[in-house]
Amino acid sequence: MDYQFKEIEQKWQKHWAQNQTFKAEKDSAKPKFYVLDMFPYPSGAGLHVGHPLGYIASDIFSRYKRLKGYNVLHPMGYDSFGLPAEQYAIQTGQHPALTTETNINTYRTQLDKIGFSFDWSREVRTSDPSYYKWTQWIFMQLFNSWYNLETDKAEDITTLIEKFNAAGSADVRAVCDEDVKSFLPSDWATMTDEQKQEELLKYRLTYLRESTVNWCPALGTVLANDEVKDGYSERGGHPVEQKKMMQWSMRISAYADRLLQGLNTIDWPEPVKEMQRNWIGKSVGASVRFKIDDLRLTNDKEIVNRQSSIAYHIEVFTTRVDTIFGVSYLVLAPEHELVTALTTPEQLDAVNAYIAQTKKKSELDRMADTKTVSGAFTGSYVVNPVSGERVQLWIADYVLAGYGTGAVMGVPSGDQRDWLFATHFGLPIVQILDAQKDIATQADPTKEGKYINSGFINGMNYTEATATLNAWLEEKNAGKAKVNYRMRDAIFGRQRYWGEPIPVYFKDGLPYLVKEEELPLLLPEIDKYLPTETGEPPLGRAENWSYDDQYEYELSTMPGWAGSSWYWYRYMDATNDSDFADKDAIEYWKDVDLYIGGAEHATGHLLYSRFWNKFLKDLGYVKEEEPFKKLINQGMIQGRSNFVYRVVDEEGRGTNTLVSYGLRKDYKTSALHVDVNIVENEVLNVEKFKLFRPEFANAEFILENGKYICGVEVEKMSKSKFNVVNPDVLIENYGADTLRMYEMFLGPLEQSKPWNTNGIEGVFKFLRKFWRLFHNDQWVFHVNDSVPSKAELKALHKIIKKVQDDVERFSFNTSVSSFMIAVNELTELKCKNRQVLEDLVVVLSPYAPHICEELWSLLGHEGGSLSYAEYPKFNPAYMVEDEFSYPISVNGKTRLNLNLSLALQSKEIEETVLANEDVQKYLEGKAPKKVIVVPGRIVNIVI
RNA sequence: GCUCAGAUGGUGGAACUGGUAGACACGCAGGACUUAAAAUCCUGUGACCUUAAAAGUCGUGCGGGUUCGAUUCCCGCUCUGAGUACCA
């Protein structure tokens, strides 16, 4: 029988499903291995060929590890809360749960056809109440926790209350809001419950606070920083503006340093680690307080009221405290709260005009326009704490209200931006290091040399000066060494319907958790999915949406990343009803050994997951500090569009003539997208094209060499560009095994590349050759029990070693090539040997599981599945050759090859080579200066 | 601007610690089998020069360097892609 891939694949997919072949159990006898894919959002469009790339790689790895004797956990599920289903619901009124269900079924059908070895008994869906019950539960744990800097971990809020009872706020060192109160134990005791709750909220790891958020009016919701790209929403590309709102936030900043340090312990691609480092944005420096001079000019009452304990000062953050003697001005962000109070009457008009101008500029313009120097003098002065010098206080939009303290010191000699500002506004430029050069023309940020014009640090170097200043400032209560992070707390609420309800209700304006036994707090049914007329989130439409029939529930839902920040633990024990996962299961599976997914999640999902993991570890629920030991980013598969060229007339109207790619220069043409599925090797199938675009049914085709050649361009894969390649179609034509191997053959897993179906025939041909290897001329299955020849064993063991090495370093494309070589060699040798072919089947099975299972069963292994076989051992004995053909180079140029015994030592090789007649000819009678012999590699003679 | 990744035939790509560059596949050209098609098989295929054949020269983005020997290591540059951006 010829290679009947359809029957074979259906047969074995059914077999695996019925026998639950890939169901993983806790099994302490075997070492565990956890292979995880980033689970998909089930979109309506279904899978295209780019989606399964990572899944195929992880599946090959999983099957390989099973053969190697590991107990492999390889699950799959769906990140099924999300915006598209809700948008669809708004348009059509269809409940997102229905859309999601339909899409999941499509995904499942498509995934099943590829023959993955997923353990579907552990499937999770983030929108399923039995799942989001535990997402809500984790939210509650976060609400009930605070971050204790003494122990450097999260603790239950009760330990904080104990501290308040015992000693008040005095010796509490916590990551908390800036406006926490100082109080004595006696004060705490006399507070009302409401006052206590209000105060505790400032410490909780998830908290409610008024903050500036990214508001997207088109989507009617707030977005996290990582969901905004260049001032537009990542999903949909709608403009985003800044807005103050009461919002749920997660105190991820508490974990900033641990998230940074943890990166050094995990095997992740360097670019992803780098992105996370930049996102966290740690800068080590100092905060310094500049006293406001001459308060008569200001409305000092206002200052006192707003900044009770630090009035009369402006605090700046700097990474170069050593340059402080070079400060010639101070700048506030235009939004800084002290600006109004510190503006003198004379400067009021200028400052107001500047603020108005800043407001008019959109966030985008402000980011794009980095060249123009602008600012306004407030009329006030501040005093440099180290020199006592009086310097001007300005406002400028290059200072961001959201970073540091919203105020910076200007050191023109050391910072180019400050230099430009000072030059533009005629402020002094003071040299502070003797090594600074050319400061009349530009700033010199060097840290070399000794300080000059710098008071008590004159003559010191950078390290000494920094230490001295930090100590001095601290002693004088004018500042201190400080570490600043760019990363902000993560906004946690979304004004959407299709997400996890936040398990909170409000009493007297303060949030309280529902009881744990009341989880899950089910998403209520509503009639429409739009915000209410009064601008409340969709949940405002729900009837009786209140706790105890009197306290209103929170109306926003959780963001998309909530459900995906812990899902790998749910797979460990997916159906548990009393815990998010059983303690023993977590103890056994521990963490993810290999995680495969796209790099686009670098600062979103992958950071939030690490955060929640560390939090769960602090509370003792999980074992490992980091969730994903090794990460591989599969490359993006781009679309590859084909074009036909329509001749246009003088007025630019399209004619009924299409010209082939190579001849289009002779005409005036316009390019039209053409469905890539009717183009093969850039040759258009004209008949199919006429069906695809009936308006060209009678068109004239100008051909070259009898063919219509299409143009090519790389674009995003999308329906409108007719460049979507559906895996189902390829499976229909070539089978899943061919698709799997071709996706791997296309190139290195981690490299982005356009999809191109052109080479798939080669892989299909290979599988047919492989199939034929087991058959005679009449297509009858035929193997024999002869003694394998040395050549056969060599071909086999070469591929055993190669595939093993390749899989371990995730180089799947090179092993596909090696399989082709091995099969060609064995075909040439007319190998029908059972022993050799059996091992070959096992080695190939992770890549092409269906055909291998079929052959395995034809080889007489009834009932069992290949998955429980052992990976064949590589035996170097078969690889050893008696002779090696040494390339002989003279002065680096290869001249000839000589067969020499591998047993020879370097010295003997040298003697034999030099004695050779042909070699002598190339030496032209000269004596060799030097002979380099690398045994088993090369001989190079230098003359 | 900064950070990271990359650049190899007509195409996708290979070359693992510096050791015969272009494996493997696609495409193309020619041939065998066939009434024909499909399928299969064989031969050739980096460029240049030359030939009956052989041999030779150049060649891994560009310019240098280290080395007996560099796609691989070092320095400088160009281009492409990704991320990030007045971050003090």
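The values are calculated or read from the model by the stated rules, or taken from the named source; none is laboratory data. Model, not experiment: these values are computed from the prediction. Glycine also receives a Cβ, built like all others from the backbone with ideal geometry; neighbour counts cover every protein chain displayed. Just so you know, the surface numbers come from the protein's heavy atoms only, side chains and all, with ligands and any DNA or RNA stripped out. Shrake-Rupley method; radii C 1.70, N 1.55, O 1.52, S 1.80 Å.
Between 0 and 90 degrees, the angle of helix A:129-143 with respect to the longest Cα principal axis of chain A falls at about 40 degrees.
The share of accessible area on chain A that comes from carbon and sulfur is 49 percent, using a 1.4 angstrom probe. The heavy atoms of A:F377 present about 40 square angstrom of accessible area, all protein chains included, probe 1.4 Å.
Over chain A, DSSP H runs of length four or greater, each weighted -39,500 (n - 2.57), average out per residue to a 222 nm ellipticity of -10000 deg cm²/dmol. The angle between the Cα long axis of helix A:736-745 and the longest principal axis of the Cα atoms of chain A comes to about 70 degrees, rounded to the nearest 10. Zone of A:D112 (label point 7 Å along Cα→Cβ, backbone N under 17 Å): which residues in the stretch A:4-24? Label zone hits: A:6-23.
Using mean Cβ contacts within 10 Å as the protection proxy, how do A:68-80, A:340-352 order, highest first?
Averaged packing, sorted descending, gives the order A:68-80, A:340-352.
Ranked by the mean number of other Cβ atoms within 10 Å per residue, highest first, peptides A:841-849, A:392-400, A:908-916, A:465-473 order as A:841-849, A:392-400, A:465-473, A:908-916.
What fraction of the DSSP beta bridges in the stretch A:572-662 is antiparallel, stated in percent and rounded to the nearest 5?
Antiparallel: roughly 40 percent of the beta bridges in the stretch A:572-662.
The string of couplings for the stretch A:173-179 from the Karplus curve (6.51, -1.76, 1.60, θ = phi - 60°) is 10, 9, 8, 8, 5, 6, 9 Hz, one whole number per residue in order, with x for Gly and Pro. Listed values for the stretch A:916-929 are Karplus-derived 3J(HN,Hα) couplings in whole Hz (6.51 cos²θ - 1.76 cosθ + 1.60, θ = phi - 60°), namely 5, 4, 4, 5, 3, 4, 6, 7, 6, x, 7, 7, x, 6, and x replaces Gly and Pro. Roughly how many nanometres apart are two label points built 7 Å out from the Cα toward the Cβ at A:R486 and A:V373? With each label placed 7 Å out from Cα toward Cβ, I get 2.5 nm. When the trypsin sites (Lys or Arg not before Pro) in the stretch A:774-823 are filtered for DSSP coil states and for at most 11 other beta-carbon atoms within 10 Å of their beta-carbon, the remaining sites are A:R809. Ranked by the mean number of other Cβ atoms within 10 Å of their residues, highest first, the peptides A:885-892, A:403-410, A:593-600 fall in the order A:403-410, A:593-600, A:885-892. Shown in residue order for the stretch A:938-943 are the 3J(HN,Hα) couplings computed by the Karplus curve 6.51 cos²θ - 1.76 cosθ + 1.60 at θ = phi - 60°: 7, 10, 10, 10, 9, 10 Hz (x for Gly and Pro).
Solvent-accessible surface of chain A, averaged per residue with a 1.4 angstrom probe and all protein chains in place: 45 square angstrom. Accessible area of A:H313 (1.4 Å probe, protein heavy atoms only, ligands and nucleic acids ignored): about 50 Å². The angle between the Cα long axis of helix A:5-19 and the main principal axis of chain A comes to about 60°, on a 0 to 90 degree scale.
Over all orientations, chain A has a Cα convex hull whose mean projected area works out to 55.4 square nanometres.
Listed here are the pairs A:K630/A:K753; A:K133/A:K583; A:K6/A:K802; which of them are more than 26 Å apart at the Cα?
Working: A:K630/A:K753 23 Å; A:K133/A:K583 18 Å; A:K6/A:K802 29 Å.
The pairs that break the limit, which is 26 Å between Cα atoms, are A:K6/A:K802.
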